[in-house]
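The values are calculated or read from the model by the stated rules, or taken from the named source; none is laboratory data. Because the structure is a prediction, the values reported are computed rather than measured. Cβ: placed from backbone, ideal geometry, glycine included. Neighbour counts: every protein chain shown.
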Amino acid sequence: MGWLAPGFLLGALAIAVPVWLHLLKRSSSQPRQFSSLMLFEPQTRSTTRRRRIDHWLLLLLRIAVLLLLAAAFAEPFVRGHLPGAAPEKLLVLAVDDSYSMRAGTRLEEARREALAIVAAKARDTRAQIVALGSRAAALTEQTQDADVLSTALKSIAPSDARGSLVLLAGLARTLAAGTQMPIELHLFSDLQATGLPPDLSELRLPPGVTLVLHKVGQPTPNWTVESVAAPAQVWDPAKTRIVATVAGFGTPEATRTVTLFIDGRSSGQQSVKVPASGRASVVFAGAEIPYGLVRGSVQIDGADALRADDSYDFVILRSERVHALFVHQGSDQATGLFFRSAIESAADAAVVLDAVTVDQLRTRDLSSYAFVVLSDVAGLPAAVETHLAAWVKGGGRLLISAGTAAAQQRRVPVFDAPITGSHDYTRDDTRFAAVAAVDEAYAPAGPLAGWQGIKVFYVTRVNAPQAQAGLRLADQTPLLLEKPLGQGRVLLFTTGFDRLTTDLPLHPQFVAFVDRLATYLSGRGSRSSALNVGDSVELRPDPALRGSADVLAPDGTHPLDLREAQQVRSWPLPAAGFYVLTLADSRHDLVAANISRLESDLTPAGDDKLKLWEAAGSAGAAPAPGTGAVTAPTPIGSEESAHNLWWYAMCLALVAVVAESLVASRYLNTLRESSK
Amino acid sequence: MQNLLDPAVLNAISGLDLVASTVVDGFVSGLHRSADFGFSQEFAEYRAYAPGDDLRHVDWNVYARSDRAYIKRFHGETNSQLMLLVDASSSMGFTSHALTKFAYVRFIAAALAYLATRRQRDATGLVIFGDTVRDFVPPATRQGHLQRVLAALLAAQPQANTSYAAPLLHLQSFLRRRGMVVVLSDFYAPPADIVRAVAPLRIHGNEVVLFQVLDPEELRPRVDGSSMLVDLETGAQLEVSEDYVQGRYRERIDAHVADLGREARRAGVGYHLLQTDQPLDQALLQYLRLRTGRD
């Protein structure tokens with residue numbers, strides 16, 4: 001027996017109050033009239049007698065009330081079964097329906113064991129069925145009906161989702177927060193090692209939850225196309241390289257045949273020797289890729305229990321090279337040369353740069369350009385700025401570099417931020433400023449390591465508190481800023497691309513930086529060639545869009561209903577395959593969803609880890625390294641569980657209160673009669 | 001009829017005269033004309049009229065035949081008088097049930113007055129006393145006297161302390177005729193002092209009877225645990241224990257009653273203990289016994 005809130009036991013000290021009152025009452029009885037005290041003797045009063053307590057029964061009842069109330073608030077509990085009462089608990093049966101459960105008869109085994117638990121449970125025990133895949137889906141309410149539970153178990157089908165045991169811990173916490181009953185949580189799973197988080201503390205189970213693991217399946221060798229590195233967008237197939245990695249888990253050394261399919265047609269085939277439980281890569285170069293969105297797939301010859309992971313799907317968009325406009329001062333020819341050289345040096349060189357002067361910009365049709373670069377332009381005519389701003393608001397992307405010429409202006413055109421000054425670092429003792437802070441989540445910025453050694457000699461300072469800073473100098477001056485304008489974006493590089501304001505063009509980082517900028521500005525970096533099952537695709541880029549979205553699933557169905565089509569912003573991919581998307585802005589897209597290759601490794605988690613987790617779940621504490629206490633699960637209905645007795649204590653207190661009232665009433669009547 | 005002598009029954013009767021007649025008539029009928037007692041209504045003899053005799057008792061038939069006035073004498077008619085001394089101190093207001101000691105005494109006094117006046121043709125007087133004489137009705141036999149006695153009884157209320165010496169000394173000056181003195185009190189005083197105070201009343205041959213009226217609770221008090229008792233007369237408070245009340249006090253009250261009876265008998269004074277939950281016939285019976293003994 002124990003106490004959940006032992007601090008309330010201090011309330012038992014309140015029994016001193018009735019004891020004191022009974023002693024006090026003894027010495028201050030109600031005066032009672034008598035005809036004559038002539039025959040009474042004052043010396044008969046006894047001090048010993050005075051200290052004796054009257055109404056012992058009443059006092060004991062009052063003490064009992066206080067003790068029982070204190071006990072009720074302290075919430076006593078006992079482990080084991082209460083006499084005459086079936087153990088009250090919630091039985092939760094979680095069945096892993098992740099992709100790995102397709103191997104062999106794992107799911108059937110899990111379902112069979114869960115059905116046996118349902119059949120063996122006490123009739124009044126409440127239970128709930130949960131399918132554990134990419135999320136924990138409750139298939140039933142908490143019910144005592146075994147038929148409902150069995151039907152739910154039989155309805156569980158294997159999915160393409162990735163299983164995560166962390167979800168189970170979250171499920172346990174949610175269930176424990178919603179019930180006062182102890183929870184017996186059964187997990188039926190192949191318990192892959194890849195399903196365990198690196199930090200076992202994430203599997204912490206709340207108090208009152210007992211975990212029972214049911215491991216199904218045996219370690220099975222499995223080959224898979226682990227990954228495919230394919231460009232999301234190409235303009236020159238001759239330069240396209242598709243790299244596929246074939247991996248084996250628990251497999252012997254073997255030679256696998258790898259085939260590349262483009263739009264369903266074989267586009268190349270190679271053999272590769274895969275080491276035992278190892279990896280091997282295959283490169284397909286120069287594959288013939290038609291224009292538009294192309295369905296690609298790399299497959300290996302299947303010879304294992306899991307077939308779906310023998311193929312890896314991806315999507316390639318083949319298009320013409322995009323054009324960008326580089327606007328410079330007429331006198332500055334060098335900067336455009338640097339910029340063009342950097343873009344053409346990029347791996348795919350998908351951007352063609354057209355250089356014009358400010359005067360020539362007036363007559364250009366901007367709609368044919370993916371982005372525009374204003375290179376240290378000393379002011380724009382108002383009409384040109386208005387024209388350029390309107391283009392950006394319509395979805396265009398603009399990069400402005402503000403070097404020494406632009407710094408002479410009062411404001412940055414289109415970016416619409418006042419120029420507060422400039423700083424010439426060559427006049428400082430340090431002679432230059434270095435890049436000190438990089439927002440690595442901001443794609444154009446890249447990693448900080450690449451910026452080491454870059455010297456900035458001159459910077460234009462602007463007041464743009466609303467803008468996002470991707471790069472900052474050591475004195476916290478922003479070097480790269482971005483802010484949205486309508487549906488477009490404007491980037492501000494607060495120095496020039498020439499060698500006078502920075503030595504960036506002299507470093508390899510310049511090529512990488514310009515390539516990232518070009519990729520980002522042209523929108524090519526926003527799409528990936530392949531996604532995983534469970535990843536979400538954005539169907540409504542702008543929440544204000546009123547259009548209807550649509551999804552055509554691999555099985556030919558349209559999973560979105562009318563309400564979802566009108567409102568949904570993003571949608572998770574439920575299964576592997578190609579999905580044809582119609583976005584809310586009427587654009588079309590094609591995405592490939594692949595099963596997470598973490599599911600391909602069928603190696604189960606080590607027994608020591610599982611027993612540690614199970615033991616920690618039984619104790620309601622986080623697993624700790626080196627803890628050796630392991631408790632084996634006991635059969636349903638015979639295990640010990642904690643029973644809170646506060647309700648019984650409260651009922652007894654109520655009975656004691658009633659008894660106290662009756663006894664006190666009797667004493668009160670006696671006193672009244674005596675006082676007459 | 002015996003039930004009508006139950007104090008609880010009498011307490012429900014509003015008129016004191018009706019109470020008295022009910023008690024006495026019921027009592028008398030219950031005696032079945034016992035040979036032990038002679039009631040005044042039974043003819044005994046004639047005697048010659050003497051000045052001062054009540055003309056209502058002259059037998060006018062004999063006077064018409066013999067031209068002599070004779071007074072008709074009956075059994076029990078001895079020209080006696082009954083003097084009732086009623087204690088109306090505060091302690092008489094005590095009760096443990098519906099009837100206070102004073103109400104019980106009031107019934108007894110009324111019944112005795114009725115019996116003496118109506119049945120025995122005795123002159124009946126009344127003294128209401130506490131620490132002093134509060135009311136005094138001289139003994140007489142004339143018509144309406146009984147109502148005066150009853151009215152005095154009704155008007156009396158228990159109050160103040162008790163003092164036996166002063167009232168009884170005052171009474172001695174009024175007792176000029178031979179008769180009976182009945183003292184009704186709880187007698188919370190030393191027995192020797194009480195007897196010393198009432199003994200002088202026996203001059204002129206008076207019979208003195210002490211009726212000690214006590215509530216059952218006074219004889220056998222019930223105390224649960226301890227109690228703070230307040231003296232009805234003095235207001236003094238005393239905390240007593242259950243053990244004492246059930247032991248030592250009972251011994252003392254029993255000794256007090258026994259001492260008073262012993263002292264009274266030693267002084268030639270009658271003594272009777274009456275409890276307020278008992279019928280009133282004991283007092284009437286005692287009165288008649290004494291009355292008969294005097295004839």
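A Cβ distance below 6 Å, combined with a sequence gap of six or more or placement on separate chains, defines the contacts here; from segment A:234-259, residues that are within 17 Å of A:Asn222 (Cβ to Cβ) reach residues that are buried (at least 19 other Cβ atoms within 10 Å of the Cβ) and basic (Lys, Arg) in the pairs A:Val246/A:Arg256.
Checked across segment B:103-115, the condition of being in a helix (DSSP H, G or I), within 14 Å of chain A (Cβ to nearest Cβ) and in contact with a helix residue (DSSP H, G or I) (Cβ under 6 Å, 6 or more places away or on another chain) holds for at least one residue. Of all residues assigned to segment A:594-607, none qualifies as being over 25 Å from A:Trp223 (Cα atoms) and of a type in the set (Gly, Ala, Ser).
For the residues A:Leu165, A:Leu139, the requirement of being surrounded by 20 or more Cβ atoms within 10 Å (Cβ to Cβ) and in contact (Cβ under 8 Å) with a residue 12 or more places away in the chain singles out A:Leu165. Segment A:458-559 holds strands (runs of 3 or more DSSP E) entirely within its bounds, and those carrying 2 or more residues that are on the phi < 0 side of the Ramachandran plot and of a type in the set (Val, Ile, Thr) map to A:458-462. Of all residues in segment A:424-433, exactly one satisfies the criterion of being assigned to a strand (DSSP E or B) and over 44 Å from the mean Cα position of the chain (by Cα), namely A:Asp424.
Taking the listed residues B:Thr100, B:Thr95, B:Thr117, the one that is polar (S, T, N, Q), buried (at least 19 other Cβ atoms within 10 Å of the Cβ), free of Cβ contacts under 8 Å to residues at least 40 places away in the same chain and in the same structural domain as B:Asp186 (by TED's automatic domain parsing) is B:Thr117, with no other qualifying. Filtering segment A:371-379 for residues that are in contact with a strand residue (DSSP E or B) (Cβ under 7 Å, 6 or more places away or on another chain) and closer than 27 Å to A:Pro237 by Cα leaves a non-empty set. Entry remark, segment B:164-190: residues being surrounded by fewer than 22 Cβ atoms within 10 Å (Cβ to Cβ), more than 14 Å from chain A (Cβ to nearest Cβ) and closer than 15 Å to B:Phe129 by Cβ number 9 in total. Filtering segment B:191-228 to residues that are without any contact (Cβ under 8 Å) to a residue 40 or more places away in the chain, touching a helix residue (DSSP H, G or I) at 6+ places or on another chain (Cβ under 9 Å) and within 9 Å of chain A (Cβ to nearest Cβ) leaves B:Pro221, B:Arg222, B:Val223, B:Asp224, B:Gly225, B:Ser226, B:Ser227.
Restricting segment A:316-374 to residues that are under 30 Å from A:Gly296 (Cα atoms), surrounded by fewer than 17 Cβ atoms within 10 Å (Cβ to Cβ) and hydroxyl-bearing (Ser, Thr, Tyr) leaves a set whose member that is farthest from the chain's Cα centre (by Cα) is A:Ser368. When every residue of segment A:259-272 is checked against the conditions, none turns out to be of a type in the set (A, V, I, L, M, F, W, C), over 17 Å from A:Thr224 (Cβ atoms) and surrounded by fewer than 20 Cβ atoms within 10 Å (Cβ to Cβ). Looking across segment B:120-145, just one residue is aromatic (Phe, Trp, Tyr) and crowded, with 24+ Cβ neighbours inside 10 Å, and that is B:Phe129.
Checked against (1) away from chain A (no Cβ under 14 Å); (2) free of Cβ contacts under 8 Å to residues at least 12 places away in the same chain; (3) not polar (S, T, N, Q), B:Ala258 passes all but a single condition, namely (1). Going through (1) over 30 Å from A:Gly395 (Cα atoms); (2) in a loop (DSSP other than H, G, I, E, B) one by one, A:Ala441 falls short only on (1).
Conditions tested, residue by residue: (1) touching a residue at least 12 places away in the same chain (Cβ under 8 Å); (2) crowded, with 19+ Cβ neighbours inside 10 Å; (3) in contact with a helix residue (DSSP H, G or I) (Cβ under 8 Å, 6 or more places away or on another chain).
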| position | (1), (2), (3) |
| --- | --- |
| A:Asp376 | yes, yes, yes |
| A:Pro381 | yes, no, yes |
| A:Thr426 | yes, no, no |
| A:Val435 | yes, yes, yes |
| A:Gly450 | yes, no, yes |
| A:Pro478 | yes, yes, no |
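Is it the case that segment A:378-392 has a residue that's of a type in the set (Ser, Thr, Tyr), under 23 Å from A:Ala518 (Cβ atoms) and modelled with pLDDT of 90 or more? No, that holds for no residue. Taken together, the residues in segment A:403-423 that are in a loop (DSSP other than H, G, I, E, B) and closer than 15 Å to A:Asp376 by Cβ amount to 7.
Just one of (1) under 27 Å from A:Leu500 (Cα atoms); (2) not in a helix (DSSP H, G or I) fails for A:Gly395. It is (1).
Within segment A:211-219, none of the residues are closer than 27 Å to A:Ser98 by Cα and within 22 Å of the chain's Cα centre (by Cα). When B:Gln237 is tested against (1) more than 10 Å from chain A (Cβ to nearest Cβ); (2) within 19 Å of B:Tyr188 (Cα to Cα); (3) free of Cβ contacts under 8 Å to residues at least 24 places away in the same chain, exactly one condition is not met: (1).
In summary, strands (runs of 3 or more DSSP E) completely within segment A:95-205 and bearing 1 or more residues that are at pLDDT 90 or above and within 30 Å of A:Gly250 (Cβ to Cβ) occur at A:126-132, A:183-189. Total residues in segment B:265-280 satisfying the condition of being more than 14 Å from chain A (Cβ to nearest Cβ), surrounded by 15 or more Cβ atoms within 10 Å (Cβ to Cβ) and either among the basic types (Lys, Arg) or within 16 Å of the chain's Cα centre (by Cα) (or both): the figure is 9.
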